[in-house]
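The values are calculated or read from the model by the stated rules, or taken from the named source; none is laboratory data. Note that this is a predicted model, so its numbers are computed, not measured. Neighbour counts run over all protein chains shown; Cβ positions are idealised from the backbone, glycine included.
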Amino acid sequence: MIEQRRILRTALPGPKSAALAARRKAAVSSAVSGGNDLYVERAEGAILVDVDGNQMIDFGSGIGVASVGHSAPRVVAAVTKQATSFGHTCFMVSPYDSYVELCEQLAKHTPGDFEKRSALFNAGAEAVENAVKIARAYTGRQAVIVFDHAYHGRTNLTMAMTAKVQPYKDGFGPFAPEIYRMPMAYSYRWPTGAQNCAEEAFAGFASLAHIQVGENHIAAVVLEPIQGEGGFIVPAPGFVTMLRDWCTEHGVVLVADEVQSGFCRTGKWFAIEHEDVVPDLITTAKALGGGLPISAVTGRAEIMDAPVPGGLGGTFGGHPLSCVAALAAIETMETEDLAGRAAQIGELLTGRLTDLASQFPQIGEVRGRGAMIAIELVVPDGSKTPDAALAKAVVAGCGRRGVLMLSCGSYGNVIRMLPPLVSEFALLEDAMDVLAEAFAEAIG
Ligand code: PLZ
């Protein structure tokens, strides 16, 4: 058992991590970014133990994966048992029950009370890419609408769907065609003010869709119900409903990309439930696997069954170890009410961050839902100029004190909190104390 407490035994990074960093330099491509320099040896719950014995509070969860906690007991037991029976057969060649059962669970937990089907893949990007293929096959149309600040992956198609050039697209073109980017209802930065944001963003979207693309060419609108990498942007109230109605009117498939926001993270099973909107397709990954790689596309049966037989698949998609891990993760979310827990975490963090914002005018906005909360940092002169350097300094200050925080945002000026949903409240409070210290230090 790893005690759920922050413990610093060396200056960070310690000597063993520093030695690994040197080996990494000689062996790992420098294009795979560094981030935190602490090499992990063990992890449990919300604590990472590094090779020097330091215990860090994890506020990143491996980018939103460890919702059920690191080495969650049900997941460990299920994977261990599966590894001793069989590892891989390829579901397309020799099928197995955990794949089918996981698709049943996905149908049960995703929004919409219509008949559903799922297909399983490995990574989030692969799920998004397949959702586009499915929507194209179903509609016979090609165009795909995505939004400013969107992140959908790094494969060729999803890279084109991702908004930000640095570092995701730089030098990697040509990009996939038929991807159209529309305004996102980003209240904090909406030029005419938050109160106009949803209406005006939707009007911009509808006009661009009509004039530049043509509704009858659009296969899918792909939307993150809370944008993740783009800066934890919660769409202005009403925007998602307007998109839903527009998609219905024009026969366009609405895809909710819940790779980051799904599976209890935001206080509900899926973030789009906060909008009272039912998407046609939903992409999931990250937390679904309880720490093992797996992703899924789930949605209306008639859409999911549209591609030709054999049109979807892949050697490793829905790997047996990942399927049983996902089933164990879902069982954990159900029995431990992790959606409820995410809502409580959200209250605690929002309270602490709002206090911090009243001390530090550099915190322009505290936003998010449940345990998907962020602060956007700006120059405190009323201009809302993004302050990425401050975000970097605060994240580094947290890191030196044993709290792993991640930044995000199109401007790199957002600090996001994605703690495991099983994090003890005392640990969250400690992390918030550390954040306050790191802020005070960075501002000087
Ligand atoms: N859709 C909404 O958040 C992955 C990417 C980190 P993969 N986000 C973390 C990085 O720098 O690569 C993500 C997401 C949303 C799709 C994806 C892609 O998921 O599992 O990374 O392919």
Q) Got at least one residue in region 278-290 being more than 16 Å from the ligand (Cβ to nearest atom), surrounded by fewer than 24 Cβ atoms within 10 Å (Cβ to Cβ), outside the structural domain of Arg369 (by TED's automatic domain parsing) and in contact (Cβ under 8 Å) with a residue 12 or more places away in the chain? A) yes
Q: Given the conditions (1) more than 19 Å from the chain's Cα centre (by Cα); (2) under 30 Å from Met304 (Cα atoms), report the number of the one that Asp148 does not fulfil.
A: (1)
Q.
For Ser67, only one of the following conditions fails: (1) assigned by TED's automatic domain parsing to the domain that holds Ala396; (2) under 28 Å from Ser261 (Cα atoms). What is its number?
A. (1)
Q) Do we find a residue being within 16 Å of the ligand (Cβ to nearest atom), more than 21 Å from Ala256 (Cα to Cα) and surrounded by fewer than 21 Cβ atoms within 10 Å (Cβ to Cβ) anywhere in region 186-209? A) no
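Would you list the helices (runs of 4 or more DSSP H) that sit entirely within region 1-107 and hold 3 or more residues that are under 20 Å from Val422 (Cα atoms)?
Details: elements: 15-27, 61-64, 73-85.
Counting at least 3 such residues, we get 61-64, 73-85.
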Q) Could you list, in sequence order, the residues of region 215-245 that are crowded, with 23+ Cβ neighbours inside 10 Å, touching a residue at least 60 places away in the same chain (Cβ under 8 Å) and more than 28 Å from Pro419 (Cα to Cα)? A) Ile218, Ala219, Ala220, Val221
Q: Would you please name the residue that is surrounded by the fewest Cβ atoms within 10 Å (Cβ to Cβ), looking only at residues in region 246-262 that are within 17 Å of Thr158 (Cβ to Cβ) and more than 10 Å from the ligand (Cβ to nearest atom)?
A: Val253
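From the list Gly62, Gly34, Gly53, exactly one residue is under 30 Å from Ala150 (Cβ atoms) and free of Cβ contacts under 8 Å to residues at least 60 places away in the same chain. Which is it?
Values: Gly62 fails: free of Cβ contacts under 8 Å to residues at least 60 places away in the same chain; Gly53 fails: under 30 Å from Ala150 (Cβ atoms).
Step by step, each of Gly62, Gly34, Gly53 is checked, and only Gly34 is under 30 Å from Ala150 (Cβ atoms) and free of Cβ contacts under 8 Å to residues at least 60 places away in the same chain.
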(Q) On the basis of being at positive phi and either assigned to a helix (DSSP H, G or I) or away from the ligand (no atom under 16 Å from the Cβ) (or both), does Gly112 make the cut? (A) yes
Q. Just checking, which of Gly368, Gly311, Gly317 is touching a strand residue (DSSP E or B) at 6+ places or on another chain (Cβ under 6 Å), in a loop (DSSP other than H, G, I, E, B) and small (Gly, Ala, Ser)?
A. Gly317
Q.
Out of the residues in region 404-438 meeting the condition of being assigned to a strand (DSSP E or B) and in contact (Cβ under 8 Å) with a residue 24 or more places away in the chain, tell me which one is farthest from Pro380 (Cα to Cα).
A. Leu404
Q. Within region 219-245, how many residues are out of contact with any Gly (no Cβ under 8 Å at 6 or more places or on another chain), within 12 Å of Arg369 (Cα to Cα) and within 10 Å of the ligand (Cβ to nearest atom)?
A. 2
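Kindly establish whether Pro309 is more than 12 Å from the ligand (Cβ to nearest atom), buried (at least 24 other Cβ atoms within 10 Å of the Cβ) and over 16 Å from the mean Cα position of the chain (by Cα).
Values: more than 12 Å from the ligand (Cβ to nearest atom): yes; buried (at least 24 other Cβ atoms within 10 Å of the Cβ): no; over 16 Å from the mean Cα position of the chain (by Cα): yes.
Answer is no for this residue.
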(Q) Please go through region 146-181 and give me each residue that is of a type in the set (A, V, I, L, M, F, W, C) and either surrounded by fewer than 16 Cβ atoms within 10 Å (Cβ to Cβ) or in a loop (DSSP other than H, G, I, E, B) (or both), ordered by number. (A) Ala150, Ala163, Val165, Phe172, Phe175, Ala176
Q) Right, Ala374: among the hydrophobic types (A, V, I, L, M, F, W, C) and buried (at least 23 other Cβ atoms within 10 Å of the Cβ) or not? A) yes
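Is there a residue being closer than 23 Å to Glu3 by Cβ and either of a type in the set (D, E, K, R) or assigned by TED's automatic domain parsing to the domain that holds Tyr168 (or both) anywhere in region 395-406?
Residues of region 395-406 that are closer than 23 Å to Glu3 by Cβ, as a first pass: 398-405.
Adding the requirement that they be either of a type in the set (D, E, K, R) or assigned by TED's automatic domain parsing to the domain that holds Tyr168 (or both) leaves 400-401.
Yes, because at least one residue in region 395-406 is closer than 23 Å to Glu3 by Cβ and either of a type in the set (D, E, K, R) or assigned by TED's automatic domain parsing to the domain that holds Tyr168 (or both).
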